[in-house]
Amino acid sequence: MNGNTKNEMKKIVYIGAGVSTQYGVLHLLKNGYDPTKITIIDKGKDIYTRLPEDVMTGAGGCGTWSDFKVIPSFKQGGLFHPHYCKDEEYATELSKQLYDYIVEYHPDPSKIMYTEPVEEPQFIKDSPFELRQSPCYHLGTDYGQQQVKNIFEYFDKVGVRQIYNVEITNINFKRNEIGIGHDYIKYDKLIIGTGKSGMDLLTKLINDYSLETVPKPAQFGVRYETDGKYFEELNKIAYDFKLYKKFGEDSARSFCTNNFAAFVAEEETYGMKSYNGHAHKDKDKYNGLTNFGILLEARGIEDPFKFSTQLVNFFQHHGKAVYYSPSDREPSLTDQGNKVPGYKISLDKFKEGFGKYADYILEFIDDLNTTFGINNDYIFYCPEVKFLTNEITLDKNNLSLPQYPNVHLQGDAAGARGIYISALHGLYIASYLLRK
């Protein structure tokens with residue numbers, strides 16, 4: 001670190017304890033950074049008290065209860081190479097480092113599944129879908145939770161300061177202060193990795209400091225579920241299959257596919273309920289189901305965060321989100337053995353809430369029926385939403401704000417959409433800080 005002593009190291013504060021922070025802090029520590037100079041703040045619970053129903057916040061971020069699929073591809077999962085990191089060789093080097101960390105903290109690396117892209121079958125070539133394939137490491141929810149715990153236990157052991165169950169009320173970029181209630185924390189370097197549950201804070205900062213942004217598509221849709229038998233042939237070549245379809249300037253895709261021991265999970269963000277999904281590796285959890293998001297990328301929406309918030313709010317019914325099935329299929333059970341919470345709605349109500357975008361989702365589902373012989377034997381839970389702001393303009397060398405170069409953004413705040421790219425953001429910023 002250029003001969004710096006520990007006393008000269010900058011005080012680094014991370015907002016958000018998600019995957020980008022995990023691997024960013026880990027990289028700093030593994031390269032000799034003083035742990036007492038690092039603080040992590042999150043509005044959720046720590047790794048010891050966080051429960052499965054705490055889906056969106058807390059140590060590990062929303063990825064903690066996910067299926068833990070790591071897609072080592074720069075072509076999906078959000079912005080990294082070449083949008084930020086122009087050097088492909090360096091991006092690949094960081095990718096290899098990330099995998100080494102995953103193996104080091106995984107409770108049983110021999111159980112990591114890996115699939116490579118292969119030629120798609122003829123029935124997909126003949127379908128209305130485009131199948132996009134990428135390599136995939138599948139850790140599984142069970143092992144992913146333990147891996148997250150292993151990393152945060154290491155942070156505890158070496159003395160990283162961690163503050164949980166607090167809401168950030170204000171950030172003063174000019175005075176290098178973070179407001180927590182009536183108190184504040186000073187920083188030299190601030191790294192914001194708030195994730196989807198912190199987009200309200202990010203929106204406030206955009207407005208307060210007139211941060212430059214560029215338009216970004218809104219991402220929203222439903223969580224689709226049916227019997228896994230319909231996708232057996234596709235699963236042979238792609239566990240986390242990505243089916244795409246264009247609708248003019250907009251598009252729809254399958255997202256975050258879960259198979260075999262697949263569960264739908266209720267999320268709560270900004271006091272509203274929505275859905276996501278995850279899968280276990282434990283054979284005792286096998287339920288024979290498949291679920292995935294059907295997500296739209298809709299362009300031309302001026303404020304994606306406001307649009308998504310209004311959409312989720314429309315489908316709130318007495319503290320629950322909603323579901324629809326044309327075949328009277330009932331909600332499945334969660335991994336805790338309870339019925340997935342939800343209120344049944346009519347197709348007309350779904351169309352009212354989604355407007356013209358309902359037609360895109362229903363056409364996508366009709367094509368699933370035809371291609372895979374499902375015959376309306378499905379249920380979808382709605383909505384599934386990725387709370388996002390427009391893309392904030394950043395210095396691409398270190399993901400910092402041009403006006404405030406000691407403030408960096410990572411993960412969803414910097415355009416990531418998954419574990420892999422978010423983690424690379426963390427390594428990218430940490431590597432920059434180590435060089436400086």
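The values are calculated or read from the model by the stated rules, or taken from the named source; none is laboratory data. Note that this is a predicted model, so its numbers are computed, not measured. Heads up, the Cβs are rebuilt from the backbone with ideal geometry, glycines too, and the neighbour counts pull from every protein chain shown. Heavy atoms of the whole protein, side chains included, go into the accessibility calculation; ligands, DNA and RNA do not. Shrake-Rupley method; radii C 1.70, N 1.55, O 1.52, S 1.80 Å.
Before moving on, here are some points about what is shown:
- Among the candidates THR393, THR334, residue that is within 24 Å of the chain's Cα centre (by Cα) and closer than 21 Å to ILE192 by Cβ: THR393
- Count of segment 408-436 residues, restricted to those that are over 22 Å from SER254 (Cα atoms) and either β-branched (Val, Ile, Thr) or open to solvent by 10 Å² or more (accessible area, probe 1.4 Å) (or both), is 8.
- Single residue of segment 227-262 satisfying the filter (at pLDDT 95 or above and aromatic (Phe, Trp, Tyr)) that is farthest from the chain's Cα centre (by Cα): TYR230
Every residue, every condition in (1) hydroxyl-bearing (Ser, Thr, Tyr); (2) surrounded by fewer than 17 Cβ atoms within 10 Å (Cβ to Cβ); (3) part of a loop (DSSP other than H, G, I, E, B), yes or no:
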residue: LEU311; (1), (2), (3): no, no, no
residue: ASP328; (1), (2), (3): no, yes, yes
residue: PRO331; (1), (2), (3): no, no, yes
residue: GLN336; (1), (2), (3): no, yes, yes
residue: ASP348; (1), (2), (3): no, yes, no
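- Of all residues in segment 48-67 being part of a loop (DSSP other than H, G, I, E, B), open to solvent by 10 Å² or more (accessible area, probe 1.4 Å) and modelled with pLDDT under 80, the one that is farthest from GLU384 (Cα to Cα): LEU51
- Matching strands (runs of 3 or more DSSP E) fully within segment 97-204 where at least 3 residues are open to solvent by 50 Å² or more (accessible area, probe 1.4 Å) and not polar (S, T, N, Q): 183-186
- The combined condition, being among the small types (Gly, Ala, Ser), crowded, with 21+ Cβ neighbours inside 10 Å, in a strand (DSSP E or B) and touching a Phe, Trp or Tyr at 6+ places or on another chain (Cβ under 7 Å), is fulfilled by SER254.
- The set of residues in segment 8-31 that are in a loop (DSSP other than H, G, I, E, B), open to solvent by 10 Å² or more (accessible area, probe 1.4 Å) and closer than 17 Å to GLY426 by Cβ comprises LYS10, GLY18, ASN31.
- Count of segment 1-47 residues which are modelled with pLDDT under 90, more than 24 Å from PHE173 (Cα to Cα) and among the polar types (S, T, N, Q): 3
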